[in-house]
Amino acid sequence: MKRLFDPATPVPALASMAGITLFAVLFLHAETQSAVMGLSAGAVAALFALARFGWNARAIASFAGHSRLAQASVLIGVLVIVAVFHDQHFPLLMLASVLLYIVVCLGLNLQLGYAGVVNFAGAAFFGIGCYTAAVLTNHTALPHLVLVLAGGLMAAGIGSLIAVRGIVGLVVDRWTVDKAAEEATALGLTSPALKQFAVDYAQSHPRK
């Protein structure tokens with residue numbers, strides 16, 4: 001049994017995702033305040049008990065060692081929830097809202113966590129995508145999946161237009177190494193890896 005739940009195996013990660021999926025289904029199915037409070041209290045107690053037995057560390061290690069399988073299990077969990085509530089609008093609305101905000105948080109993580117750039121302008125592009133989808137919903141009969149893609153493409157297109165200046169600076173003006181480092185600092189790139197990327201690009205594309 002210990003080998004089965006060893007962190008080196010994907011079992012702890014899959015078991016955790018199965019538990020999260022089950023909790024999500026029960027939580028979205030709850031229709032009374034007492035049921036919601038009971039599920040919330042039960043989840044807190046279960047998390048505390050699992051932490052005492054070291055399950056959290058096992059699950060984290062299992063997720064880290066089997067990232068592809070863990071990502072697939074997340075997708076399967078979402079599909080299971082969608083299948084259970086396929087004919088109920090409110091649970092699907094809640095699920096869609098949570099997934100949208102997860103995407104926003106991932107974007108902030110890329111900017112603040114990896115790039116080190118303090119930038120909250122991503123909310124503007126989030127709004128552009130939402131506004132585009134809302135307008136198309138009111139004035140067209142396009143399928144919902146097409147609307148989601150259209151919103152994402154509109155936000156990405158406007159973001160690409162804003163990024164043209166940086167692309168022109170690197171490709172057309174052929175910045176020197178010093179200029180690339182100066183611009184990286186001006187943009188607020190505190191991540192050494194990204195600063196080095198700018199310098200390496202300038203070195204590989206020298207001014208002719």
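The residue that is nearest to Met154 (Cα to Cα), counting only those in region 115-131 that are aliphatic (A, V, I, L, M) and in a loop (DSSP other than H, G, I, E, B), is Ala121. The single residue among Val98, Val74, Val104 that is touching a Phe, Trp or Tyr at 6+ places or on another chain (Cβ under 6 Å) and closer than 27 Å to Met154 by Cβ turns out to be Val104. Annotation note: of Arg52, Arg68, the sole residue that is over 28 Å from Phe126 (Cα atoms) and basic (Lys, Arg) is Arg52. Note on region 43-79: residues that are of a type outside the set (Gly, Ala, Ser), over 25 Å from Ala8 (Cβ atoms) and in contact (Cβ under 8 Å) with a residue 12 or more places away in the chain amount to 1. If you go through region 46-68 and keep only what is surrounded by 14 or more Cβ atoms within 10 Å (Cβ to Cβ) and not polar (S, T, N, Q), you end up with Leu50, Trp55, Arg58, Ala59, Ile60, Ala61, Phe63, Gly65, His66. Each residue in region 59-78 was checked for being under 28 Å from Leu92 (Cβ atoms) and either of a type outside the set (S, T, N, Q) or in contact with a helix residue (DSSP H, G or I) (Cβ under 6 Å, 6 or more places away or on another chain) (or both), and 12 of them qualify. Taking the conditions (1) within 16 Å of Ala13 (Cα to Cα); (2) of a type in the set (Ser, Thr, Tyr); (3) at pLDDT 90 or above in turn, Ser40 satisfies each one other than (1).
Candidates Leu142, Leu149: the one that is over 17 Å from Phe23 (Cα atoms), loosely packed, with under 15 Cβ neighbours inside 10 Å, touching a helix residue (DSSP H, G or I) at 6+ places or on another chain (Cβ under 8 Å) and free of Cβ contacts under 8 Å to residues at least 12 places away in the same chain is Leu142.
Restrict the check to region 96-113 and report whether at least one residue is within 30 Å of Gln196 (Cβ to Cβ), modelled with pLDDT under 85, surrounded by 16 or more Cβ atoms within 10 Å (Cβ to Cβ) and among the small types (Gly, Ala, Ser). Scanning region 96-113, I find no residue that is within 30 Å of Gln196 (Cβ to Cβ), modelled with pLDDT under 85, surrounded by 16 or more Cβ atoms within 10 Å (Cβ to Cβ) and among the small types (Gly, Ala, Ser), so the answer is no. Within region 70-79, not a single residue is hydroxyl-bearing (Ser, Thr, Tyr) and exposed (fewer than 13 other Cβ atoms within 10 Å of the Cβ).
The values are calculated or read from the model by the stated rules, or taken from the named source; none is laboratory data. These figures come from a predicted structure and were not determined experimentally. Cβ atoms come from the backbone with ideal geometry, glycine included; neighbour counts cover every protein chain shown.
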